[in-house]
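Worksheet: the structure to be examined is printed underneath.
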Number of protein chains: 2
Amino acid sequence: MPRSSSKRVTLEEVARVAGVSRATASRVVNGVTTVDETIRAAVRRAIEDTGYVPNPAARALVTRRADAVALVLPEESRLLGDPFFGQVVRGVMTVLGPSGVHLVLMTMDANTRDQVLGDLRRGRLDGVVLIHTDRADPLPRLLIEERHPVVVSSRPVVPLPVTYVDVDQPAGGALAARHLASLRRNRIVTIAGPQHTTAGQDRLIGFRDALGDPDLPWVEGDFTRESGAVGMAQLLRAHPGLDAVFAASDLMAQGALAVLRESGRSVPADVAVVGFDDSSAALACDPPLTTVRQPVEDMAAEMARLLLRQVDDPDTPVTASVFPPTLVHRGSA
Amino acid sequence: MPRSSSKRVTLEEVARVAGVSRATASRVVNGVTTVDETIRAAVRRAIEDTGYVPNPAARALVTRRADAVALVLPEESRLLGDPFFGQVVRGVMTVLGPSGVHLVLMTMDANTRDQVLGDLRRGRLDGVVLIHTDRADPLPRLLIEERHPVVVSSRPVVPLPVTYVDVDQPAGGALAARHLASLRRNRIVTIAGPQHTTAGQDRLIGFRDALGDPDLPWVEGDFTRESGAVGMAQLLRAHPGLDAVFAASDLMAQGALAVLRESGRSVPADVAVVGFDDSSAALACDPPLTTVRQPVEDMAAEMARLLLRQVDDPDTPVTASVFPPTLVHRGSA
C-alpha cells in the first residue's frame with residue numbers, strides 16, 4: 001500500500017457501513033462512552049471492515065490530546081553515559097509502551113525550557129517527567145504556574161507543590177553507615193553528591209547522622225566517575241589512614257576504586273568501599289561494589305503512572321511517592 | 001497564564017493586525033514560500049505582537065507533518081544497559097534538537113512493529129531510525145514497501161533498498177588483528193558477535209582474514225558482558241595456552257577480563273585483550289581496554305540527517321554512509 005496511491009477511507013463510509021449517522025460514528029471513534037454498546041460494536045465492525053484509520057490531527061482537534069509526554073533529562077553530557085539513564089527510560093517505557101503514548105526524549109539545554117513549554121501550550125505534549133532538576137532551574141515552577149501535568153524525580157530543594165518520586169535518601173545513607181560501622185571501620189570518610197541537590201544533601205545527612213560523627217571528613221563530587229577519583233585523591237592526601245569510604249554514587253565509587261588501587265591500597269582489606277544506586281557500574285567494578293540500591297526502574301514506572309493520572313484528570317492532588325532503599329552486599333565492603 | 005483562563009489568539013486577529021486576508025495569514029503561518037517577503041514580514045510581526053500560537057493539530061491537517069520521528073532500539077533488556085545506547089541517543093539529538101523535531105523513543109517488542117506502522121500511516125510519525133534489526137525482522141521491508149522514510153544502523157543481512165549508516169566492520173576486525181600480530185601474539189582466539197548480524201559476521205571475517213588463519217578458534221557471543229564471560233571460559237577450556245583475545249564488543253571484553261582474572265592470568269602480560277566500540281565500558285575495564293573505535297555519536301547524527309532529508313523529499317535516493325574505524329590504545333593490549 002504505497003502512500004502516494006492509497007485512498008483514504010472516510011468517516012462517512014464507516015457511518016454508511018455501520019448504518020449510523022456520521023456524528024454517531026465520530027463519537028465512537030473519539031471514545032465517547034455514552035453511546036449505546038450495540039451501536040459502538042457496529043461502528044467498530046465497520047472500522048475493521050473498511051480499514052478506516054482515524055486522522056490523528058483531526059482527532060487531536062477534538063480531544064486536545066497529543067498522546068505524547070516528554071522525559072527531560074539533565075544536561076546530556078553526564079547522564080547519557082550513566083547506566084542510570086537506561087533504567088529510567090526502561091521504567092517509563094513499561095508504562096507508556098502499552099498505552100500507545102509516545103515517549104519524547106529531551107535533554108536540558110538552553111532551548112529545552114522554551115521548547116517544552118511551547119509544546120505543552122500548543123498541545124504537542126500532554127505532560128513532562130523531569131529528571132534531577134537543580135535548584136536554579138525555573139522549569140518546575142513555570143510548569144506548575146501554567147498548570148501542565150508534571151512529575152519530578154526527586155524532592156525539590158525549594159519546596160514546590162509538585163508531584164515527585166524519590167528514594168528515601170537519608171535512609172540510604174544510614175544503611176551505608178551502619179554497614180561500615182558493623183565492619184568495625186572507624187576512620188570513615190565520604191565522597192558526597194552535589195550539595196545543590198536533595199539527593200546529594202540527604203545521603204550525606206543520613207550517613208553522617210547514623211555514624212553520629214559531626215566531624216566526618218567529606219568532599220563534594222558531582223556523581224561522575226572523574227569527580228570520584230578527584231575526591232578520593234583529596235581524601236587520601238588529608239587522611240592517609242582512612243579505612244572506609246562511602247561514595248554517594250556508583251560511578252564516584254568506581255573512580256575512587258581506581259585511585260585506591262593506584263595508591264597501593266587493597267579493597268576491602270585496607271579500605272572498604274560502599275556506593276549508591278546499584279547501577280550496572282556496580283557490577284563492572286573490581287571488586288564488585290557493595291552499594292545502596294534504589295529501585296530506579298520501579299520509580300520511573302511510578303513517575304509515568306503519576307503523570308498519566310494527571311493527564312487524565314488535571315485536578316489530581318499533588319503527591320510524593322518515596323521508595324525504600326536496600327543494601328546490596330558484594331565484594332567491596 | 002493558567003491554561004484554563006488563557007484566551008487563544010485567533011488567526012483572524014493576526015490577519016487583522018497584519019492588514020492581510022485570513023487566507024494569506026494562513027499561508028504564511030504554514031510556511032508557503034510563494035508569498036511576497038514584505039507580506040510575510042508583516043504577518044510575522046503580527047504573530048509576535050499578538051502572541052499567536054499556531055494550533056499544531058490544525059497545522060498538521062495542512063502540512064501532514066508530525067514533526068516527530070521514532071528511534072527504535074532492539075529488545076530493551078540488552079541495549080538500555082549498554083552505554084552505546086546513550087551515544088546513539090545523543091548523536092540523534094544533536095540533529096533533531098535544534099530542528100524542534102520530537103525524538104520518540106521505542107524499543108522493539110511484540111507490539112512495536114504495529115505501533116510504528118500505525119503511527120506512520122496515521123501521520124503521528126514522519127519517519128524511523130532503526131537500530132540493529134536482525135535478519136528475521138520484517139519491519140525494514142514493510143517500511144520500504146509503504147514508502148515511509150527510514151534509516152537503519154547497519155548494512156542489512158539480506159540486501160534491501162534502504163539507506164543505512166555503518167562503520168567499516170571488516171576494517172575494524174583487521175585493525176584488531178594487525179595490532180595483536182604486532183605484539184607477536186600467536187595463540188590468538190576471538191569472541192565473535194552474533195552471526196545473524198552483519199556486525200557480528202563482518203568483524204569476524206575482517207579479523208580472520210587479516211590474521212590469515214582460517215582455523216582461528218572462535219565462539220559466538222551476543223555482545224553482552226555475560227556472553228563474553230561464558231565465551232572466554234569456553235575458549236580457556238579448549239585452548240589453555242591462548243595469549244590474545246579479540247572480543248567483538250567492549251562489554252564482551254569486560255566479561256572476558258573478569259574470567260581471565262579469575263583464572264589467574266594477567267592482562268596484558270599473559271593474555272592481550274582487544275575490544276570493539278570504544279564505549280564508556282572500555283574505560284571502566286581493568287586494565288582500561290584497547291579497542292576498535294566506531295564513531296557512534298557521529299554515525300547516529302548522520303542517521304538523523306539522512307532521515308530528515310527523506311522526510312523533506314520522499315524521492316531522496318537510497319544511500320550508504322560508511323565510517324572508518326580507528327584503534328584506541330590503552331592498557332589491555
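The values are calculated or read from the model by the stated rules, or taken from the named source; none is laboratory data. Just so it is clear, the structure is predicted and the values come from calculations on it, not from any experiment. Positions of Cβ are backbone-derived with ideal geometry, glycine not excepted, and every protein chain shown enters the neighbour counts. Heavy atoms of the whole protein, side chains included, go into the accessibility calculation; ligands, DNA and RNA do not. Shrake-Rupley method; radii C 1.70, N 1.55, O 1.52, S 1.80 Å.
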Exercise for the section: Would you check if there is a residue in the range A:242-255 being touching a residue at least 24 places away in the same chain (Cβ under 8 Å), surrounded by fewer than 17 Cβ atoms within 10 Å (Cβ to Cβ) and assigned by TED's automatic domain parsing to the domain that holds A:Cys285? Expected result: no
Fill in the blank from the handout: Out of (1) under 20 Å from the mean Cα position of the chain (by Cα); (2) modelled with pLDDT of 95 or more; (3) more than 17 Å from A:His132 (Cα to Cα); (4) open to solvent by less than 20 Å² (accessible area, probe 1.4 Å), the one A:Ala282 does not meet is (2)
Handout entry: Filter result (within 26 Å of the chain's Cα centre (by Cα), outside any loop (DSSP other than H, G, I, E, B) and among the β-branched types (Val, Ile, Thr)) within the range A:183-203
Key = A:Thr190, A:Ile191, A:Thr198
Practice task
From A:Val296, A:Val322, A:Val292, A:Val311, grab the single residue that is within 30 Å of A:Pro161 (Cα to Cα), among the aliphatic types (A, V, I, L, M) and open to solvent by 30 Å² or more (accessible area, probe 1.4 Å).
Solution key: A:Val322
Handout entry: Residue among B:Ala301, B:Ala269, B:Ala284 that is in the same structural domain as B:Thr190 (by TED's automatic domain parsing) and in contact with a helix residue (DSSP H, G or I) (Cβ under 7 Å, 6 or more places away or on another chain)
Key = B:Ala284
Fill in the blank from the handout: Here the residues within the range B:147-163 that are open to solvent by less than 40 Å² (accessible area, probe 1.4 Å), under 16 Å from B:Thr316 (Cβ atoms) and either touching a Phe, Trp or Tyr at 6+ places or on another chain (Cβ under 8 Å) or not aliphatic (A, V, I, L, M) (or both) are B:His148, B:Pro149, B:Val151, B:Val152, B:Thr163
Exercise for the section: Would you point out the residue of the range B:94-113, among those that are more than 10 Å from chain A (Cβ to nearest Cβ) and over 21 Å from B:Val165 (Cβ atoms), that is surrounded by the most Cβ atoms within 10 Å (Cβ to Cβ)? Expected result: B:Arg113
Handout entry: Pair list, Cβ < 6 Å and 6+ apart or interchain, from the range B:117-130 residues that are under 11 Å from B:Val72 (Cβ atoms) to residues that are open to solvent by less than 10 Å² (accessible area, probe 1.4 Å) and charged (D, E, K, R)
Key = B:Leu125/B:Asp119
Completion exercise
Within the range B:181-199, the residues that are at pLDDT 95 or above and within 19 Å of B:Asp277 (Cα to Cα) are B:Val189, B:Thr190, B:Ile191, B:Ala192, B:Gly193
